[in-house]
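The values are calculated or read from the model by the stated rules, or taken from the named source; none is laboratory data. Only a predicted model underlies this, so the values are computations on that prediction, with no experimental measurement involved. Neighbour counts are summed over all protein chains in view; Cβ atoms, including those assigned to glycine, are modelled from backbone coordinates with ideal geometry.
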Amino acid sequence: MILLDRVTKTYNTRGSALERVSLHVEPKEFVIIVGQSGAGKSTLFKLLTREEKPTSGKIIVGGMDYDKLRDKDIPLLRRKIGVVFQDFKLLSDRTVSENVAFALEIAGLPTAEIKHTVPKVLDVVNLKSKENNYPRELSGGERQRVAIARAIVRQPKILIADEPTGNLDPKHAFDVIKVLEKINQFGTTVLLTTHNQEIVNYLKRRVVTIKDGKIISDRAVGKYKL
Ligand code: ADP
């Protein structure tokens, strides 16, 4: 599903953000990616979403070989990969429902389908009761779950969650993590970055550690000390 083979990314001459990184993620896996700030995590994600191109190495996602991608293939690729960030990036002048619907509107889906789909997705993230609220009326954890709803509304194969709990208190952080687990159980591959060891211990999932642009450990399951 996700295959990186000796991928190097050099932004400038000072060194590589990623250096010969090889990683294989199976469909439906839940992988936690840890590493200090500057380790190369965001670069890895930007390579997957094709915001950046590797300096060398091979990337294949869902059968799409990135060396062979044409510009017209990029929308299809981005559709396969949902992304949520630490700062939720919601539209403040739109309600919860409208924020999620917006992702479908820009994709050109018919109104009837949007009306049918949005409540279902809000149900997945446990926000049905807040559908008519505005982001400012929500807690941080609820806002992040709106962002997750928006990221999964087009049913991506992969969900990238880049430090999604970074701004949240523990209770709200775990609400978000439980939603990610649910989405994973429905069959979406999840790539999560976190600095929170409690979350890592709770999830008991594969942990890939990046340091200075290299994978320094890749552990299947179990307790792991950051
Ligand atoms: P992380 O997400 O783990 O904090 P990043 O992937 O953002 O790490 O950064 C890895 C390294 O690449 C850092 O040294 C960072 O300064 C550098 N870097 C990231 N993005 C750029 C860029 N657009 N231009 C130049 N250097 C960058």
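In the range 10-53, the qualifying residues are those that are in contact with a Gly (Cβ under 9 Å, 6 or more places away or on another chain) and charged (D, E, K, R), and the one that is farthest from the ligand (Cβ to nearest atom) is 28. Report yes if residue 217 is farther than 21 Å from residue 44 by Cα and among the small types (Gly, Ala, Ser), otherwise no. Against the criterion (farther than 21 Å from residue 44 by Cα and among the small types (Gly, Ala, Ser)), residue 217 does not qualify. Taking the range 118-176 as the range and being in contact with a Pro (Cβ under 9 Å, 6 or more places away or on another chain) and either of a type in the set (Gly, Ala, Ser) or closer than 20 Å to residue 197 by Cβ (or both) as the test, the residues that pass are 144, 147, 173, 176.
Residue 96 fulfils the conditions (1) more than 19 Å from the chain's Cα centre (by Cα); (2) within 11 Å of the ligand (Cβ to nearest atom); (3) among the aliphatic types (A, V, I, L, M) except for a single criterion, (2). For the range 39-59, does any single residue satisfy the condition of being part of a strand (DSSP E or B) and either buried (at least 20 other Cβ atoms within 10 Å of the Cβ) or of a type in the set (Asp, Glu) (or both)? Within the range 39-59, one or more residues are part of a strand (DSSP E or B) and either buried (at least 20 other Cβ atoms within 10 Å of the Cβ) or of a type in the set (Asp, Glu) (or both). When residue 72 is tested against (1) surrounded by fewer than 19 Cβ atoms within 10 Å (Cβ to Cβ); (2) within 12 Å of the ligand (Cβ to nearest atom), just one condition goes unmet, and that condition is (2). Looking at the range 37-52, can you tell me whether even one residue there is modelled with pLDDT of 95 or more, hydrophobic (A, V, I, L, M, F, W, C) and closer than 30 Å to residue 128 by Cβ? Yes - at least one qualifying residue is present in the range 37-52. Being part of a strand (DSSP E or B) and within 16 Å of the ligand (Cβ to nearest atom) is the filter here; which residues of the range 205-214 pass it? Within the range 205-214, 207, 208, 209, 210, 211, 214 qualify.
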